Amino acid sequence: DGVFDCNDFSDECPPNDRNISSVHRMINELPLQISMWVMMILAFVGNLVVITRTIHELWIMLRRSSSNLNKIKLSHKIMVLNLSVGDILMAFYLCIVVAKSVEFSESYCRHKLEWLSSPVCSLAGVLAMLSSQSTVLIMSLMTTYRLYGVLRPFRNETTSIKTLIGILILLWLVALLLAILPLKFVVTPTKLIVFSLYSNENGASSKFTISVILIDLLLFVYLFVGYVVIYRATMTSKLPKTDVRSREDRAMWIRIASLILTDFVCWVPICLMSLLSYGGVALPDVVYAFTATILFPINSVFNPWLYS
C-alpha cells in the first residue's frame, strides 16, 4: 500500500522478490553492479568510436563526385552508423539504471514505488526495447544486403541509397512502435519493461512480449541461415585459391562465426527462457539478474567490433 509498517521495509519490499534488487539496493550483488558498469562503458565507448569514425568516413565519401562514389561501401557505412546508434541507446539505458542504483544506495525500498512509476524508468525501458529491436532489425537488413550481394553481385550495385534510407527509417519506426507499445500494458508501477520478458501471466502484456520474442527468434534463425549461405557461396566461388585468398576466407569464417555466436548468446537463451516462463516454468532468480546485466546488452558491446 506504499506505507512502511516495518522498520526494515520488509512489508513493502519482500526479501524474496524475484529480481536483481534487495530492500536496500537497486542492484544487490556486487558482481552484477560491476558487470553493468563494464557493459555500459564498453557499449558507450565502442559505439561512440564507431559513430564518430563512420560519420567522418561518410563525410569524406559524400564530398567526392558521384562518378567516383562507391555505392556498396556507402550503403554499408550507412547501415553500420544506424546499427551503432541503436547499440549506444543500450548504453544510455544502462547509464540510467547504474545512476539510479547509486542514487538509491542503501535506501532503494523507500524510493522503489516512486522510481518504478517515474517517467525516467519508462524512458529506460523504452531505450532498452528500442535499442534491442532496432539492432535486430538492422542486422537482418545488413544480412539481407550482404546475402543479395553474394548471390546477385552485379544487381547489388544498382541499389538506390534513397531506397536504403527509406527502409532504415521504416525499421526505426517499427522498433519505436515496439518500444512504446509496452507502456500501454504496464498497469502497475512495479513492472519494469526489461524484466517483464519472463512472465507467466496470460494478459495482453505477456502476449505482446511472446509475439516480439518469437519474431526475434525467427530473425536469429534468418541471420544464422543467411551467414551460412554467404560462407558457402564464398567457399564455392570459382576464383583461384591463393594464400591471400585462403587467409581472407579464414578471417571471414571467424568473423561470421563470431557474429552468429554473439547473436546466439544474446537472443536464443532469452527467447527460450521467455517461452518457458510463459508456459508456467518457474525460472531461478539468477536468470533475471543475468539477463538484465549480461545477456540483454551483450550485442551492443560486441557489435561495434564485429560489424564495423
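Which condition breaks for Val120 when tested against (1) farther than 26 Å from Lys184 by Cα; (2) in a helix (DSSP H, G or I); (3) out of contact with any Pro (no Cβ under 6 Å at 6 or more places or on another chain)?
It is condition (1) that Val120 fails.
Which condition number in (1) assigned to a helix (DSSP H, G or I); (2) over 22 Å from Pro304 (Cα atoms) is the one that Leu164 fails?
The one condition Leu164 does not meet is (2).
What's the total number of residues in region 64-107 that are assigned to a helix (DSSP H, G or I) and among the polar types (S, T, N, Q)?
7
Restricted to region 42-90, and to residues that are touching a Pro at 6+ places or on another chain (Cβ under 8 Å) and of a type in the set (Gly, Ala, Ser), which residue is surrounded by the fewest Cβ atoms within 10 Å (Cβ to Cβ)?
Gly46
Kindly indicate whether any position in region 209-220 is more than 30 Å from Phe290 (Cβ to Cβ) and either modelled with pLDDT under 85 or surrounded by fewer than 16 Cβ atoms within 10 Å (Cβ to Cβ) (or both).
No, there is no match, as no residue in region 209-220 is more than 30 Å from Phe290 (Cβ to Cβ) and either modelled with pLDDT under 85 or surrounded by fewer than 16 Cβ atoms within 10 Å (Cβ to Cβ) (or both).
Among (1) modelled with pLDDT under 75; (2) over 22 Å from Thr234 (Cα atoms), which single condition is Leu259 missing?
(2)
Looking for whichever is surrounded by fewer than 20 Cβ atoms within 10 Å (Cβ to Cβ), among the charged types (D, E, K, R) and in contact with a His (Cβ under 7 Å, 6 or more places away or on another chain) here; the options are Glu106, Glu29. Which one fits?
That would be Glu106, the only listed residue that is surrounded by fewer than 20 Cβ atoms within 10 Å (Cβ to Cβ), among the charged types (D, E, K, R) and in contact with a His (Cβ under 7 Å, 6 or more places away or on another chain).
The values are calculated or read from the model by the stated rules, or taken from the named source; none is laboratory data. Keep in mind the model is a prediction, meaning the values are calculated, not measured. Because the Cβ atoms are built from the backbone with ideal geometry, glycine has one as well, and the counts that use them run over all protein chains shown.
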